[in-house]
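Okay, structure first, notes after.
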Amino acid sequence: MTEASVYVATLSLRQVPFANKADAEVLVERWNADHAESVDRLRAEGLDRLADRSIAKLEEWPRERWAHTGPGGMNAVWTRVPGRRLVHHALAAYKADGSLARESRWTTAAWEFESDTYTIKAAEWKVEHRPGADAESEASARGTDEAAVDVAFMKAREEVLRICGQHRFANGQRRHL
């Protein structure tokens, strides 16, 4: 990087700044490879503008511009290629009576700057209650080891089934616990 430049990878709506152009190019290349199928799907559905916005692009910005307008300023500038891992996910939502509302599993490439999906843990799980008319409770697990995620998901499901229907607004009615 010249002292006057920051290399900004634009990934859909996210901007990821780099001190070194080669590191930014690695991210853009890998991001586009990871998302090639979804871009092709969008084009097949006639959503060319959305597909174009989904393709990572690289721009060189003056350092001062990033420092004053870039999210996180100069503290956000990467000096290396961020970590990337395949992360396995599992999610099950249950109604207040304990019946399964929906379940899904997927694997995605996640980058270190994607704090909502990236992890270095083999597996982690959580249980959340979603208040509202449906009053669903969710069991979820994610991690880098698919077998460990399966075990964590079983634990999360056991816990969510234990608490289903115990919330104050389960089935849309106020409950006193």
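Derivation of every value follows stated rules applied to the coordinates shown; laboratory data play no part. It should be emphasised that the depicted structure is a prediction, and the values quoted were computed from it without experimental measurement. Positions of Cβ are backbone-derived with ideal geometry, glycine not excepted, and every protein chain shown enters the neighbour counts.
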Under the span-like rule (Cα at least 30 Å along the axis, Kyte-Doolittle mean at least 0.5), DSSP H helices of the chain:
none
Any idea how many Lys pairs in the chain come in under 28 angstrom at the alpha carbon, given 8 or more places apart or on separate chains?
5
Rough spin-label spacing in nm, given labels placed 7 Å along Cα→Cβ, for Thr107 and Ala133:
3.8 nm
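Determine how many Å³ per residue the convex hull of the Cα atoms of the stretch 5-73 encloses.
Numbers: hull volume 5.0 nm³, N = 69.
Enclosed volume per residue, from the Cα hull, is 73 Å³.
For the stretch 5-73, what is the charge dipole size about the Cα centre, in debye to the nearest 20, if Lys and Arg each add +1 at the Cβ and Asp and Glu each add -1 at the Cβ? Mind dumping the intermediate values first?
Working: 10 positive and 12 negative charges, 45 e Å.
Using Cβ point charges on Lys, Arg, Asp and Glu, the stretch 5-73 gives about 220 debye.
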Mind checking which of Val28, Pro71, Trp61 is farthest towards the positive end of the stretch 11-80's charge dipole, using Cβ charges of +1 (Lys, Arg) and -1 (Asp, Glu) about the Cα centre?
Pro71
Qualifying GluC sites (Glu not before Pro) for the stretch 1-52 [loop in DSSP, other Cβ within 10 Å: at most 11]
Glu3, Glu45
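Run the helix sum for the chain: -39,500 (n - 2.57) per DSSP H stretch of 4+ residues, divided by residue count, reported at 222 nm to the nearest 500 deg cm²/dmol. Intermediate results must be reported in sequence, preceding the final value.
Working: 5 runs with 55 residues, N = 177.
Helix-only estimate at 222 nm: -9500 deg cm²/dmol.
What full-extension length gain, to one decimal in nm, is calculated for Lys21 and Arg85 as 0.36 nm per residue of separation minus the Cα-Cα distance?
On the way: separation 64, 0.36 × 64 = 23.04 nm, distance 2.18 nm.
The span from Lys21 to Arg85 would gain 20.9 nm if fully extended.
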Of Cys164, Trp111, Ser12, which is farthest on the positive side of the dipole of the chain, counting Cα position, with +1 on Lys and Arg Cβ, -1 on Asp and Glu Cβ, and the Cα centre as origin?
Cys164
What percent does the relative contact order of the chain come to when contacts are Cα pairs within less than 8 Å and at least six residues apart?
18 percent
Binned Cα-Cα distances of the stretch 84-172, short to long, each 10 Å bin given as a whole percent:
20, 43, 27, 10, 0
Expressed in nm to one decimal, what extension gain is obtained for the pair Ala148 and Lys126 from 0.36 nm per residue of sequence separation less their Cα-Cα distance?
6.5 nm
In terms of the Cα gyration tensor, with a ≥ b ≥ c the square roots of its eigenvalues, is the chain rounded because a/c is under 1.5, prolate because a/b exceeds b/c, or oblate?
prolate
With +1 on the Cβ of every Lys and Arg and -1 on the Cβ of every Asp and Glu, and nothing else charged, how large is the dipole of the chain about its Cα centre, in debye rounded to the nearest 20?
580 debye
